[in-house]
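A.B. asks: Let me give you the structure first, and then I'll get to my questions.
The values are calculated or read from the model by the stated rules, or taken from the named source; none is laboratory data. Please read these numbers as outputs of a predicted model, since none were measured by experiment. Here Cβ is always computed from backbone atoms with ideal geometry, including for glycine, and neighbour counts include all displayed protein chains.
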């Protein structure tokens with residue numbers, strides 16, 4: 001059996017460095033960092049991304065910061081700290097003489113995803129423009145700044161189309177509109193248990209007016225694609241429908257029966273749950289908020305805090321016509337599920353995980 005030659009690790013200073021299947025990359029058996037000979041890191045990054053034929057990390061590094069406490073395993077001189085990306089504060093160690101690179105274990109994923117990180121941070125750190133200002137001023141709808149999903153959001157698109165078709169069908173005749181509200185809306189006076197259970201699902205696709213529909217579908221459109229991408233099509237649909245059912249039950253639980261029977265319609269409860277998931281998984285995203293004519297990008301926790309306070313005010317002042325409890329119940333469910341599923345989702349989506357780290361510098 002051939003003897004494995006061990007070399008001194010720049011980080012833990014043990015003789016733990018051994019060659020991997022690529023002789024230009026050495027792995028430390030003690031601290032699990034990686035040493036890359038000149039050019040080997042570029043090849044590894046390019047291999048990680050199908051869309052990249054070649055990559056030169058030196059073109060994307062920030063300025064040299066200071067001398068490192070690591071020593072080059074070949075030249076035995078102090079290495080130099082470089083910032084990985086302009087808006088990503090992780091520092092990596094490079095040898096000033098042989099251009100070898102040392103990565104600590106926790107830096108490996110960050111560096112391997114650096115091309116995507118660079119593009120994502122460029123997109124996330126865009127400033128508001130006159131176009132975004134004009135759009136929000138005219139529509140009162142926020143502008144979203146988030147990474148582009150990798151898969152087509154078929155479920156999100158189908159939900160938007162289905163809700164729109166049902167709304168248009170209700171416009172055809174008064175009789176059609178009445179049938180939709182009586183049979184598909186959630187009516188607390190429904191006598192058949194089977195029909196009532198069915199209404200817990202169907203009410204989510206019925207809307208009471210054009211602005212009700214447009215507002216819900218806009219929010220579903222801008223945040224649903226990222227959530228569907230993170231969860232997968234089936235899990236996203238299941239969670240969306242489940243959230244709608246639970247939001248309706250919250251409204252039924254807190255509804256004052258003295259006001260008469262409850263007729264509940266709209267996707268607001270389901271979308272409120274998506275707000276909770278979005279807040280838990282996409283801390284790097286921004287949603288613009290407008291105060292009179294001043295537009296500002298806000299982190300999701302600030303945006304949805306304002307949204308929650310508006311809903312709490314509406315519920316405690318008993319403003320009628322809006323399912324405040326369904327909104328808040330759906331949002332609370334989304335926060336809970338988002339917390340419970342966070343590790344699973346971040347493990348499945350390494351770019352989202354990296355952007356959720358404090359190393360990502362976000363300009364709002």
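A.B. asks: Looking at (1) surrounded by fewer than 17 Cβ atoms within 10 Å (Cβ to Cβ); (2) in contact (Cβ under 8 Å) with a residue 24 or more places away in the chain, which is the one condition that is false for residue 232?
C.D. replies: Of the numbered conditions (1) surrounded by fewer than 17 Cβ atoms within 10 Å (Cβ to Cβ); (2) in contact (Cβ under 8 Å) with a residue 24 or more places away in the chain, the odd one out for residue 232 is (2).
A.B. asks: Got a number for residues in the stretch 189-216 being in contact (Cβ under 8 Å) with a residue 40 or more places away in the chain, under 12 Å from residue 265 (Cα atoms) and not in a helix (DSSP H, G or I)?
C.D. replies: 3
A.B. asks: Considering only the stretch 158-176, I want to know if a residue exists there that is assigned to a loop (DSSP other than H, G, I, E, B) and at pLDDT 95 or above.
C.D. replies: no
A.B. asks: Which one of these is at pLDDT 95 or above and either surrounded by fewer than 21 Cβ atoms within 10 Å (Cβ to Cβ) or not assigned by TED's automatic domain parsing to the domain that holds residue 321 (or both): 238, 247?
C.D. replies: On inspection, the qualifying residue turns out to be 238.
A.B. asks: Residue under question is residue 309, and the condition is that it be more than 28 Å from residue 164 (Cβ to Cβ), in contact (Cβ under 8 Å) with a residue 60 or more places away in the chain and out of contact with any strand residue (DSSP E or B) (no Cβ under 8 Å at 6 or more places or on another chain); does it hold?
C.D. replies: Here the answer is no, as residue 309 does not meet what is asked.
A.B. asks: Still on this structure: Within the stretch 254-278, count every residue that is at positive phi and either surrounded by 23 or more Cβ atoms within 10 Å (Cβ to Cβ) or in contact with a strand residue (DSSP E or B) (Cβ under 9 Å, 6 or more places away or on another chain) (or both).
C.D. replies: Total meeting the criteria: 1.
A.B. asks: Any idea which of 321, 334, 338 is closer than 26 Å to residue 200 by Cβ and out of contact with any helix residue (DSSP H, G or I) (no Cβ under 6 Å at 6 or more places or on another chain)?
C.D. replies: The unique qualifying residue is 321.
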